[in-house]
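Asker: Pasting a structure here, questions to come.
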Amino acid sequence: MQLSEMGQIANRCWLEIPEHFPFVKLGNHVVMPNHVHGIIIIDKPDGVHSVETQNFAPLQNAYTTTTPKNKFGPQSQNLASIVRGFKIGVTKNSRLINQDFTWQSRYHDHIIRNQKSFDNISQYIIDNPLKWKEDRFYTL
């Protein structure tokens with residue numbers, strides 16, 4: 001895959017993910033002309049609670065004096081925050097080249113539960129550029 005200038009930005013931002021999220025390891029990835037495939041491995045040691053807290057002032061009202069807690073814990077070291085950080089980095093740098101750059105609002109994720117699935121998805125990522133001409137968005 002020959003990367004455009006924005007593709008090079010996306011590739012660089014992808015490779016920088018572990019610098020921003022030290023508990024992340026990266027598997028295979030590929031930057032395509034209109035999407036990105038990649039494996040993000042969240043590798044937090046068992047039993048270690050190194051989750052950073054969010055610094056938000058609680059909203060108080062006349063009926064309660066307690067701060068509502070997110071039952072899932074802080075949301076700053078999960079897959080959504082990793083993808084959000086990646087997309088922000090790409091957007092910030094890509095808009096220096098193309099002011100109209102935007103992402104689709106969502107992303108597709110899949111939890112890899114075993115080695116066979118990991119191997120299959122890794123191979124899919126490797127093979128994806130070979131299938132680009134079959135993509136419905138392919139243009140010369």
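Asker: Within segment 117-137, track down each residue that is more than 19 Å from the chain's Cα centre (by Cα) and part of a helix (DSSP H, G or I).
Answerer: Within segment 117-137, 117, 119, 120, 123, 127, 129, 130, 131, 132, 133, 134 meet the criteria.
Asker: Moving on. Taking residue 136 and the conditions (1) over 30 Å from residue 4 (Cα atoms); (2) surrounded by fewer than 10 Cβ atoms within 10 Å (Cβ to Cβ); (3) modelled with pLDDT under 90, which numbered condition does it fall short on, given that it satisfies the others?
Answerer: Every condition holds for residue 136 apart from (1).
Asker: A follow-up question, please. Report the residue count in segment 27-40 for those that are loosely packed, with under 15 Cβ neighbours inside 10 Å and at pLDDT 95 or above.
Answerer: Residues in segment 27-40 being loosely packed, with under 15 Cβ neighbours inside 10 Å and at pLDDT 95 or above: 1 in total.
Asker: List every residue pair whose Cβ atoms lie under 8 Å apart, where the two residues are 6 or more positions apart in sequence or sit on different chains, the first residue falls within segment 19-38 and is under 14 Å from residue 82 (Cα atoms), and the second residue, located anywhere, is among the basic types (Lys, Arg) and in a loop (DSSP other than H, G, I, E, B).
Answerer: Here the result reads 23/44, each pair linking segment 19-38 to a residue that is among the basic types (Lys, Arg) and in a loop (DSSP other than H, G, I, E, B).
Asker: Let me ask something additional. Which of the residues spanning segment 93-125 are of a type in the set (Lys, Arg) and modelled with pLDDT under 95? Let's see the steps before the verdict.
Answerer: Filtering segment 93-125 down to residues of a type in the set (Lys, Arg) leaves 95, 106, 113, 116.
Within segment 93-125, 95, 106, 113 qualify.
Asker: Let me ask something else. Taking the criterion of being assigned to a helix (DSSP H, G or I) and surrounded by 13 or more Cβ atoms within 10 Å (Cβ to Cβ), would at least one residue in segment 95-116 satisfy it?
Answerer: No: segment 95-116 contains no residue that is assigned to a helix (DSSP H, G or I) and surrounded by 13 or more Cβ atoms within 10 Å (Cβ to Cβ).
Asker: Within segment 1-17, which residues are under 21 Å from residue 110 (Cα atoms) and surrounded by fewer than 16 Cβ atoms within 10 Å (Cβ to Cβ)?
Answerer: 15 - this is the single residue of segment 1-17 that is under 21 Å from residue 110 (Cα atoms) and surrounded by fewer than 16 Cβ atoms within 10 Å (Cβ to Cβ).
The values are calculated or read from the model by the stated rules, or taken from the named source; none is laboratory data. Since we're looking at a predicted model, the values are computed, not measured. Cβ sites come from the backbone with ideal geometry, for glycine too, and all protein chains shown count toward neighbours.
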